[in-house]
1. Using θ = phi - 60° and the Karplus relation 6.51 cos²θ - 1.76 cosθ + 1.60, list the HN-Hα couplings for region 665-674 in order, rounded to whole Hz, with x at every Gly or Pro.
2. Length gain on complete extension for the stretch Phe512 to Arg594, per 0.36 nm per residue less the alpha carbon to alpha carbon distance?
3. How do the peptides 356-367, 406-417, 486-497 rank, highest first, by the average count of neighbouring beta carbon atoms within 10 Å per residue?
4. What residues qualify as long-range amide H neighbours of Tyr487, i.e. H under 5 Å apart, gap of 5 or more or another chain, H built at 1.01 Å from N?
5. When the dipole is taken about the Cα centre of region 426-487, and only Lys, Arg (+1) and Asp, Glu (-1) are charged at their Cβ, what size is it in debye, to the nearest 20?
6. Grab the Cα-Cα distance for Asn630 and Ala550, subtract it from 0.36 nm times how many residues apart they are, and report the gain in nm with one decimal.
7. Can you tell me the FRET efficiency between Ser568 and Asp708 if r is taken as the Cβ-Cβ distance and R0 is 35 Å, rounded to the nearest 0.05?
8. Starting with the highest mean, order 290-301, 468-479 by the number of other Cβ atoms within 10 Å, averaged over the residues of each peptide.
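What follows draws every value from the coordinates through simple rules; no lab data is involved. All figures in this text were calculated on a predicted structure; none of them were measured in a lab. Glycine also receives a Cβ, built like all others from the backbone with ideal geometry; neighbour counts cover every protein chain displayed.
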Amino acid sequence: MEEMEEELKCPVCGSFYREPIILPCSHNLCSACARNILVQTPDAESPQSRASGSAVSDYDYLDLDKMSLYSEADSGYGSYGGFVSAPTTPCQKSPNGVRVFPPAAPHHLMPHAPAALTPVPRNACITCPQCHRSLTLDERGLRGFPRNRVLEAVVDRYQQSKAAALRCQLCEKTPTEASVMCEQCDVFYCDPCRLRCHPPRGPLAKHRLVPPAQGRISRRTSPRKISTCTEHELENLSMYCVQCKTPVCYQCLEEGKHGTHEVKALGAMWKLHKGQLSQALNGLSDRATEAKEFLVQLRNMVQHIQENGVEFEACLVAQCDALIDALNRRKAQLLSRVNKEHEHKLKVVRDQISHCTVKLRQTTGLMEYCLEVIKENDPSGFLQISDALIRRVHMTEGQWGKGTLTPRMSSDFDLTLDSGPLLQTIHQLDFVQMKVPAAPMLQLEECCTQNNSATLSWKQPPLSTVAVEGYILELDDGGGGPFREVYVGPESICTVDGLHFNSTYKSRVKAFNSSGVGQYSKTLLMHTSEAGLAPCDIQSIVAWFTFDPASAHPDILFSNDNLTVTCSSYDDRVVMGNAAFSRGVHYWEMTLDRYDNHPDPAFGIARGDALKDVMLGKDDKAWAMYVDNNRSWFMHNNSHTNRTDGGVSKGSTIGVLLDFTRGILIFLINDEQQGPVAFDGLEGAYYPAISLNRNVQVTLHTGLPIPDFYTPGDGDPSGSVC
């Protein structure tokens, strides 16, 4: 109920509607508020501009606050253009921002006419404060606008329901709680006021007093005043003008402008519009329910965002702390290497110092000894030792070579720490995609099967912001086996050909990005049985297909809904069917619509990647029978075998029988088998195919039963195709 309160308040005064009127724009105003915002158009205004209201600004009445702040009359009200204006005080702002004059004083305090009878200026207009449309009043003034009695009744019920307790209506000071209500007087009394103003004597003794709650109910359910016509105040509204969309009285139909309009009974239109409003409310109720659910979702998102924020902050701190710990450990390792280098340098230099010190001591001792020997004056004794001393001196001198007097270790450290890349990495440290994609959603309305091909379509879930680099589509083998990948790429739609007929495949898809592979979508079951049953003794699944323009050589010409083909070149060109077979028994025929007895058309089967610009069977991807007007040959991988007499002519029919239960291929000409079994050991998926040139035209016939002469092999005794 509280949400409805804004609908029950006037956009001008901001209070509950009092005596509301309906403007032509369908908005409502209090009667007093409507009078307060009236504006008189200039006299010089043309009738056309008065009718449209274009010469009057939406807020021309705002200039009224420039009028004199003092009234010419003692009542405090001034005259303006021949009508009683609002109080001449500065204007105010209503709750919706519209500037208006303060409301007029109560009607019983006005020395002039009541509000309903106050004269309206000539050419007055009113601007709707909600849609800002300027509306020109006619000679009836505000009385020309109908009274919104429904809104008035709703406001009354709402105000009564908001009252905490029913109060006495005759207490002079603070009203006390009512104890009874008189149904005849329609007044609530407390006990003292009832004894004083409504004694149980005389005529009042016949009045019925009821509890206040019951009285409130009876007041609500009491009949309301019947609405009267705005143009004929004495006439009740009894009909509804369909063209003007307004209730009218009989006098309006007889004398007014509604005489030629289509009218309907007021009660019937009331029920009709109630039904339409109820139906519209059902749709609005559904939207409101969705909005409530959406708000619940948003509130849950707020909680999840808070939880995820705390969790993500903790992860961020943990990651940064881990980086700092790793940097500290690396720092300790580098310092250890520096210390080792430092100790090594010191050891080498100290060892060299010790070695040089010993040698220098030895050299100095030798020098001092030699000097003392030189001082001796004994020639014979000197000569005895001089050669040995000379050799020792030379040897000792030789020990002080360049290498000996060169430092073995540099004082500089040959270690350089390159921290630039790491520092740059730290500066570039930022958030990247750290989540795998969500599970895709299969778009069931776009997924379909045709013959033995399946088309699947999918999309990312709504509100998913995780980047996707590609998708992986998986299918099983049609018999409940393991899944296998059939597509990997960025597209969100894929068609898989060469599936088994009359098989149910399970399909699923998942998305991936640099962070990894996401979850699988829901598994979709797709059935490939769009073929029918052959009307023969052997129960077989037969397939309908056509020639495929997409895979054919560009020189092939198509007609008859892709069932008839010819060629624009004298060279042989290949065209294949749009369905591939891998299991079961299949039979189709081709009729020669044009043949001049010279070319060698070839008929058979081929892989999807067979050559398209040579005769069928020239490569190892095709198995065919080529035939002229006298004889035929079987050919595969350019190997010719089984020459058989009997050729073709215009109107001949060539049949192709492919049996996967035996793995064989048989050819027929005019319903007779041509030669022995052409090929055996066939496994995999094969497309029907032919090669022809411009002298040949062929029409395809599919959906045919297996010929009567043929019995399926032991591999499938029933002859059924799975």
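1. Result, ordered by residue: 10, 10, 10, 10, 10, 6, 6, 10, 5, 9 Hz.
2. Numbers: separation 82, 0.36 × 82 = 29.52 nm, distance 5.41 nm.
Value of the extension gain: 24.1 nm.
3. Numbers: 356-367: 12.1, 406-417: 9.0, 486-497: 14.7.
Averaged packing, sorted descending, gives the order 486-497, 356-367, 406-417.
4. Distant-sequence amide H within range of Tyr487: Leu473.
5. Values: 3 positive and 8 negative charges, 31 e Å.
Dipole about the Cα centre, nearest 20: 140 debye.
6. Working: separation 80, 0.36 × 80 = 28.80 nm, distance 3.35 nm.
Separation in residues times 0.36 nm, less the Cα-Cα distance, equals 25.4 nm.
7. Numbers: r = 39 Å, r/R0 = 1.11.
Here the calculated transfer efficiency is 0.35.
8. Details: 290-301: 10.2, 468-479: 17.9.
So the order, starting with the most tightly packed, is 468-479, 290-301.
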